[in-house]
Amino acid sequence: MILLQTLSTDTLSAADSLAMGATKDNIGLLDLLIKGGYMMVPLYLLFILAIFIFVERLITLNKASKTSSHLMDQVKVLVQSGQTEKARILCAGEQTPVANMIAKGIERIGSPLKNIEVAIENVGKIEIYKLEKNLNLLATVSGAAPMIGFLGTVAGMIQAFIAIAQEEGMVSPKLLSEGIYEAMITTAAGLVVGIVAYLGYNFLVSKVSKLVHNMEYSSIEFIDLLQDK
């Protein structure tokens, strides 16, 4: 009985020691990010840049999409009644791509229809350029971040093997495993940044596409209005 109690006590003590050792060896996320090395610095910067571009573009696109649903109906009534100046002021107050295009078309009323179409198209090109601003940069981040992560991993692996080569005698498995996992951190971080930037880019592109479609539809509707006038 005494022997069993002694063995049980020893087993519990060993289990507690193992649990304490496992807790001590646990590595937090911040520690992992720090262990990634100097190649993590450009990944941090790219992540901040991606978030900044996404938020800034999202705010801009949300503002651009807030065109009044009754704008074209009001413009139609005013233009047909000959109140073109009121129609232009109405569009100027909206400050959206659709309103800017229609306002330019109203300014050209009296000119040949072809000239009005060209004027609206030119304004539309400018507005689309404003909507797509920095989207290419976000796409670049989505492609560059994983490559920088892979480069960091390769550099880390080289350093790890150099350290192993400099060891005399048997190489410690701990030294080998630490060098490898620290090198792999940059790959994981690069993929995370790349995925976030890629998803953000595609989401913004879809919003731009919807806005462009709305701009095209509104410009066609306005040209039809002038033809029926």
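The values are calculated or read from the model by the stated rules, or taken from the named source; none is laboratory data. For clarity, every value in this text was computed on a predicted model and none was experimentally measured. Using ideal geometry, Cβ is built from the backbone for each residue, glycine included, and neighbour counts are taken over all protein chains shown. Calculation scope for accessible area: heavy atoms of the full protein, side chains included, ligands and nucleic acids excluded. Shrake-Rupley method; radii C 1.70, N 1.55, O 1.52, S 1.80 Å.
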Exercise for the section: List every residue pair whose Cβ atoms lie under 7 Å apart, where the two residues are 6 or more positions apart in sequence or sit on different chains, the first residue falls within the stretch 39-64 and is farther than 19 Å from TYR198 by Cα, and the second residue, located anywhere, is open to solvent by 60 Å² or more (accessible area, probe 1.4 Å) and of a type outside the set (Gly, Ala, Ser). Expected result: MET39/LEU151
Problem - Residue satisfying condition, being of a type in the set (Lys, Arg) and either within 17 Å of ILE195 (Cα to Cα) or in contact (Cβ under 8 Å) with a residue 40 or more places away in the chain (or both), within set LYS133, LYS104 - result: LYS133
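Which ones in the stretch 66-85 are under 30 Å from LEU199 (Cβ atoms) and either open to solvent by less than 60 Å² (accessible area, probe 1.4 Å) or β-branched (Val, Ile, Thr) (or both)?
The answer is THR67, and nothing else.
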